[in-house]
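These notes are about the structure you will find just below.
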Amino acid sequence: MSTDYGRIARAGLWDNNVVLVQSLALCPLLAVTGTATNGLGLGLASTFVLVASGVLVALIRGLITPEVRIPIFVLIVAVLVTLVDLGMNAWVHDLHRVLGLFIPLIVTNCAILGRAEAFASRNRVLPALVDGLMMGIGFTLVLVVLGAVRELIGNGTLFQSAALMLGDALAFLELTLIPDYHGFLLAILPPGGFIALGFLLAGKRMLERGSLKATGKGSG
């Protein structure tokens, strides 16, 4: 299998992005991105599970028979998500309380099981680690961007309550960009999430189309 790490990175961040291309994990994406802080928290948790599950599957891939591979992959992901859930409850309780059910539901994220099946089970440890990391970062970036857009339009702030939820070290992230802003409720409600995601998807298509035209591949 390919060990072209540049291509693996580009696939995770852009070409095969979990949300913008695969259209996976839309339920937590739209539910928790009322603020950039929430998006960052869920993204980091998902990235940890993607990386750890990829590494574990790559390590034991020679021991797993095809008949039981899916149940074993699900078990690995479930154990990792349980550890994340307990850890967040212990160390970032306020964020854990906000994200709520969507932390355990990481188990049902098809992107995680899909990367275990499609990539980690067929590659060595290092490529699996890089693939999980890039897929996780790509997912996190979309969560943060979508959360930032919705939070800015809805409240006029960025990374609201970052210090409370993620620790005092990240207090510098908290910004009030529009003082005395009365807010736009639609932006932080589920319909606002769908609208913002639509604009993100359209923006990606426009950038790709512009890139094709610039290289002369889009003619005709």
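The values are calculated or read from the model by the stated rules, or taken from the named source; none is laboratory data. Note that the structure is a prediction, hence the values are computed from the model and not measured. Cβ placement follows ideal geometry from the backbone for every residue including glycine, while neighbour counts extend to all protein chains displayed. For accessibility, only protein heavy atoms count, side chains too; no ligands or nucleic acids. Shrake-Rupley method; radii C 1.70, N 1.55, O 1.52, S 1.80 Å.
With a ≥ b ≥ c the root eigenvalues of the C-alpha gyration tensor of the chain, is it rounded (a/c under 1.5), prolate (a/b larger than b/c) or oblate? The shape class here is oblate.
Just reorder SER46, SER211 by solvent-accessible area, largest first, 1.4 Å probe, all chains present. Don't skip to the end; give the middle numbers.
On the way: SER46 5, SER211 65 Å².
Descending accessible area places them as SER211, SER46.
Remark: spin-label model distance ILE178-LEU75 equals 5.2 nm, labels positioned 7 Å along the Cα→Cβ axis.
Ordered from largest to smallest accessible area (heavy atoms of protein chains, 1.4 Å probe), the residues ARG209, ARG10, ARG69 come out as ARG209, ARG10, ARG69.
The distance between label points at ILE60 and TYR5 comes to 2.7 nm (points 7 Å beyond Cα on the Cα→Cβ vector). Surface analysis of the stretch 91-220 yields an accessible area of 56 Å² per residue, using protein heavy atoms and a 1.4 Å probe. Calculated [222 nm] ellipticity per residue, helices only, for the chain: -21000 deg cm²/dmol; basis is -39500 (n - 2.57) per DSSP H run with n ≥ 4, divided by all residues, nearest 500. Of the whole protein surface, HIS93 contributes about 90 Å² of accessible area at a 1.4 Å probe radius.
The shape of the stretch 95-220 comes out oblate: with a ≥ b ≥ c from the C-alpha gyration tensor, a/c is at least 1.5 while a/b does not beat b/c.
Nearest 20 debye, what's the magnitude of the dipole of the chain about its Cα centre given +1 on Lys and Arg Cβ and -1 on Asp and Glu Cβ?
Dipole size: approximately 820 debye.
Extension gain, ALA214-LEU189: 0.36 nm per intervening residue step, less the Cα-Cα distance, totals 5.2 nm. Charging the Cβ of each Asp and Glu at -1 and of each Lys and Arg at +1, and nothing else, the dipole of the stretch 1-113 about its Cα centre rounds to 100 debye. Over the stretch 1-126, Cα pairs under 8 Å with separation of 6+ residues give a relative contact order of 34 percent.
Ligands, DNA and RNA left out, the accessible area of the stretch 81-220 computed with a 1.4 Å probe is 69% carbon and sulfur.
Hey, what D do you get for the stretch 68-138 in µm²/s if you plug the Kirkwood alpha-carbon radius into Stokes-Einstein at 20 °C and 1.002 mPa s?
On the way: Rh = 13.1 Å.
This corresponds to a translational diffusion coefficient of 163 µm²/s.
When you filter the chymotrypsin sites (Phe, Trp or Tyr not before Pro) in the stretch 156-220 for DSSP loop state and at most 14 other Cβ atoms inside 10 Å of their Cβ, you are left with TYR181.
The mean sequence distance of close C-alpha pairs (under 8 Å, at least 6 residues apart), as a share of the length of the chain, puts its relative contact order at 32 percent.
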